[in-house]
1. Could you list, in sequence order, the residues of the range 259-286 that are touching a helix residue (DSSP H, G or I) at 6+ places or on another chain (Cβ under 7 Å) and either basic (K, R) or more than 9 Å from ligand 1 (Cβ to nearest atom) (or both)?
2. For the range 274-283, indicate whether the set of residues that are within 26 Å of M92 (Cα to Cα), crowded, with 21+ Cβ neighbours inside 10 Å and not β-branched (V, I, T) is non-empty.
3. Regarding A347, is this residue assigned to a loop (DSSP other than H, G, I, E, B) and open to solvent by less than 50 Å² (accessible area, probe 1.4 Å)?
4. Filter the range 143-172 down to residues that are surrounded by 20 or more Cβ atoms within 10 Å (Cβ to Cβ) and either touching a Lys or Arg at 6+ places or on another chain (Cβ under 8 Å) or closer than 28 Å to I213 by Cα (or both), then give me how many there are.
5. Would you confirm whether any residue within the range 18-39 is under 19 Å from I291 (Cβ atoms), away from ligand 2 (no atom under 16 Å from the Cβ) and surrounded by fewer than 17 Cβ atoms within 10 Å (Cβ to Cβ)?
6. Considering only residues of the range 28-77 that are aromatic (F, W, Y) and within 16 Å of ligand 1 (Cβ to nearest atom), which is nearest to F106 (Cα to Cα)?
7. So, in the range 224-273, of the ones that are within 16 Å of ligand 2 (Cβ to nearest atom), within 25 Å of E293 (Cβ to Cβ) and among the charged types (D, E, K, R), which residue ends up surrounded by the most Cβ atoms within 10 Å (Cβ to Cβ)?
Amino acid sequence: MALNIKRPNGTEDVTPKNISKWHTVERIVRSAAAGFGFKEIRVPTFENTDLYTRSVGETTDVVQKEMYSVIAKDTKFTLRPEGTAGTIRAMMQNGLLNDAMPQKVFYILSCFRHERPQAGRLREFHQFGVEMAGSALPSADADVIALAYSIINELGLKNIQLKINSIGCPKCRAKYHEALKAYFESRKDELCDTCKTRLEKNPMRILDCKSPICSEIASNAPIILDYLCEECSDHFEKLKSYLTALEIEYTVDPKIVRGLDYYTKTVFEFVTTDIGAQGTVCGGGRYDGLIEELGGNHTPALGFGMGLERVILTMENQGIAFEEEEGCSLYIAPMDENALPYAMKYANQLRNEGFWVEYDTVGRGLKAQMKYSDKIGAAFTMVLGDNEISSKTAKLKNMKTGEQIEIALDDKFIGSFSDIAVSEMFSGVLE
Ligand code: ATP
Ligand code: MG
């Protein structure tokens, strides 16, 4: 059999050429999360399968079709398909929920789902997500939505629509389920096989089915907003008024139910039409029953997950600039073997001060070294030969202006180089 060591379908490599896109996004989400008081949490890449079947829900696409599970020594594990379940599990297991409420955490992690790979839909993808536990109030919903909104603005994303809905609580959902059942029962024969079983177990899941026939049938189904109990309806009205006060534009979309079972009351999505069919860049909502479902005390909570590949795709398609990585400060070119140890010594002295400094490690001649220094965009080059070593002075060449500055290779070398490099850094700014 031929050896197959290619990247699996639906996964991506990020090479140094592309890493600045990720660094840009990661820096912005981290700084926004900090401003809203969310602290970072890190959780395992895999969990006991039971955690996901219990929280995401038996009848969801994720659990029924998309999980990567393995049996290892009699225990069934699953690669995390989403971030909420593991994060809430960790918050419970580490006692975070016994501390002052609300508890607010964020994460940047990879998720794994066996889906059909296409633009914006991968088998390994990355999410920035947040979870806030301990508040049942709509002001918490507004706060979480405001964080996602502020990130989207900071990133510079355009043409993003916020869609919100309420999917009620178990109380109002009982009546709604009956109405849905009655509706879908009348067209049962046309539903896909998965949805036929969903009709009995969890008719709301049919609303989220991706099959064209089911979604066509679902488009005329009764909507939950007509069935909300007073508490849920009041919660939704307050959230809308807070969003208005925050000057966050939204539309109410009764079709949004979200793909995971644990949601209650508020659900929301930030959607764009600029990246094709997979346009949801961020999705989230409230899940007041989840913590209890997992064996904890009743603790209302909510959060969102933002698909980072989709965010980057949107930025690319909209021509948004990514931050540039810091360039090489200095290339030291030894003229021969004898000069090499000096190049190493000066390079490492500057590296210890935080500069990016390179010298020849592949045995290039002087001309080829200069070409290479140009290729890596070094701000300065410094040639070292017998003369420089014996006179303890060298010339720093500014690669942008061609200007040469003499520099003493004595104990003031580091300080002198810093002064020159810093003034060069700012020269562009002051021009
Ligand atoms: P979709 O409707 O696109 O399948 P979902 O409802 O399954 O999304 P969530 O489970 O809410 O998505 O995940 C939150 C976010 O993660 C999504 O809004 C999206 O940006 C991103 N996401 C989900 N699945 C994928 C995937 N397979 N590839 C890339 N990003 C994804
Ligand atoms: Mg999905």
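1. D261, Y262, K265, T266, F268, T272, D274, I275, R286
2. Within the range 274-283, one or more residues are within 26 Å of M92 (Cα to Cα), crowded, with 21+ Cβ neighbours inside 10 Å and not β-branched (V, I, T).
3. no
4. Matching residues across the range 143-172 total 7.
5. As a first pass, look at the range 18-39 and keep what is under 19 Å from I291 (Cβ atoms): 38-39.
When the remaining residues are screened for being away from ligand 2 (no atom under 16 Å from the Cβ), the result is 38-39.
Still in the running and surrounded by fewer than 17 Cβ atoms within 10 Å (Cβ to Cβ): 39.
Scanning the range 18-39 turns up at least one residue that is under 19 Å from I291 (Cβ atoms), away from ligand 2 (no atom under 16 Å from the Cβ) and surrounded by fewer than 17 Cβ atoms within 10 Å (Cβ to Cβ).
6. Y52
7. Here the answer is D261.
Residues are listed down the side, and each one gets a yes or a no for (1) assigned by TED's automatic domain parsing to the domain that holds L290; (2) polar (S, T, N, Q); (3) closer than 11 Å to A85 by Cα; (4) at pLDDT 95 or above:
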position	(1), (2), (3), (4)
I28	yes, no, no, yes
S31	yes, yes, no, yes
E40	yes, no, no, yes
V43	yes, no, yes, yes
Y52	yes, no, yes, yes
E58	yes, no, no, no
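The values are calculated or read from the model by the stated rules, or taken from the named source; none is laboratory data. The structure displayed is predicted, hence computed values, not measured ones. Note that we place each Cβ from the backbone using ideal geometry, even for glycine, and neighbour counts take in every protein chain shown. All accessible areas refer to the heavy atoms of the entire protein, side chains included, with ligands and DNA or RNA removed. Shrake-Rupley method; radii C 1.70, N 1.55, O 1.52, S 1.80 Å.
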